[in-house]
1. State all residues of region 29-81 that are farther than 22 Å from Thr165 by Cα, of a type in the set (S, T, N, Q) and either assigned to a helix (DSSP H, G or I) or in contact with a helix residue (DSSP H, G or I) (Cβ under 7 Å, 6 or more places away or on another chain) (or both); if no residue qualifies, say none.
2. Pull up region 82-106, narrow it to residues that are over 23 Å from Tyr17 (Cβ atoms) and of a type in the set (D, E, K, R), then point me to the one that is least open to solvent (accessible area, probe 1.4 Å).
3. Looking only at region 43-78, which residues are closer than 24 Å to Leu194 by Cα and crowded, with 22+ Cβ neighbours inside 10 Å?
4. Which is outside any strand (DSSP E or B) and either more than 16 Å from Tyr214 (Cα to Cα) or open to solvent by 10 Å² or more (accessible area, probe 1.4 Å) (or both), of Leu18, Leu25?
5. Evaluate the following for Ile8: is it open to solvent by 40 Å² or more (accessible area, probe 1.4 Å), outside any helix (DSSP H, G or I) and of a type in the set (A, V, I, L, M, F, W, C)?
6. Being surrounded by fewer than 17 Cβ atoms within 10 Å (Cβ to Cβ), modelled with pLDDT of 95 or more and not in a strand (DSSP E or B) is the filter here, so list the residues in region 204-226 that pass it.
7. Scan region 175-203 for residues that are free of Cβ contacts under 8 Å to residues at least 24 places away in the same chain and of a type in the set (Val, Ile, Thr) and jot them down.
Amino acid sequence: MDVKVSIIVPVYNDEEYLNNCLDSLVGQTLAEIEIICVNDASTDHSLEILKKYAKRDERIRIVSYNTNKSASQARKDGVLESKGKYILFVDSDDELDCHACHDLVSEMEKKPVDILHFGSYILNNAHKDQRSIENIENLVAPYQGSLYGEDVFNACFVDRKYQFTLWNKMYSREVCKRAFENVENAFLPKAQDLYAFFIIAYYARSYRGIADKYYRYNYGCGITGQ
């Protein structure tokens, strides 16, 4: 099977949410995917859950660490193991809409770019007021337009037209792999998205944003950033 999308999932002690995450991935309407789950030395039942799903679905591949290395290293190793034409990142306490891979691949094939930025649902699990949730939605919303050359980098880090979150974007394999080859092998507990996307945006030559929402971000849940 030719893999169209590689989904990279760093996993660290997320047994409470992991089943919902994996259900949303194995239930994708696009069959030609691989799901690379990197178990970052979880001490709960996360690895057992991964193994249970892997027995049922051969598209799930498990990489497991004996010591905690951080989600940064997990994402890097997942990317370098990937075979898909396109790459997505999903945190193990979040979920994808079941049509995400199919629709996003269609968008990429219709108008190819290095970075395709899509909308997200922010699910309020932290009992915040609605205004706070709307502010987060606006913060991570895509810039609804196309960018080329140095404008891809500048629009994020200079003009603040869009944010550096990794999980609400689909990437071309070539650019993503090139970027993560230059991500340091290190335990990085903070600012992982900022660091990795800084390098991705440096190499990327094209960006497009669409309003359609495909990612369910469980605000207030999980500890993926460990």
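The values are calculated or read from the model by the stated rules, or taken from the named source; none is laboratory data. What you see is a predicted model; the values in this text were computed from it and never measured. Note that we place each Cβ from the backbone using ideal geometry, even for glycine, and neighbour counts take in every protein chain shown. SASA here: full protein model, heavy atoms, side chains in, ligands and nucleic acids out. Shrake-Rupley method; radii C 1.70, N 1.55, O 1.52, S 1.80 Å.
1. Hits for region 29-81 are Thr29, Ser46, Ser64.
2. Restricting to residues being over 23 Å from Tyr17 (Cβ atoms) and of a type in the set (D, E, K, R), the top hit is Asp103.
3. Answer for region 43-78, where residues must be closer than 24 Å to Leu194 by Cα and crowded, with 22+ Cβ neighbours inside 10 Å: Ala71, Ser72, Ala74, Arg75, Lys76, Gly78.
4. The conditions single out Leu18.
5. Here the answer is no, as Ile8 does not meet what is asked.
6. Arg205
7. Matches in region 175-203: Ile199 only.
The rows are residues; the columns are (1) modelled with pLDDT under 95; (2) of a type in the set (A, V, I, L, M).
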{"site": "Ile136", "(1), (2)": "yes, yes"}
{"site": "Ala141", "(1), (2)": "yes, yes"}
{"site": "Glu150", "(1), (2)": "no, no"}
{"site": "Phe153", "(1), (2)": "no, no"}
{"site": "Val158", "(1), (2)": "no, yes"}
{"site": "Ser172", "(1), (2)": "no, no"}
{"site": "Arg178", "(1), (2)": "no, no"}
{"site": "Asn182", "(1), (2)": "no, no"}
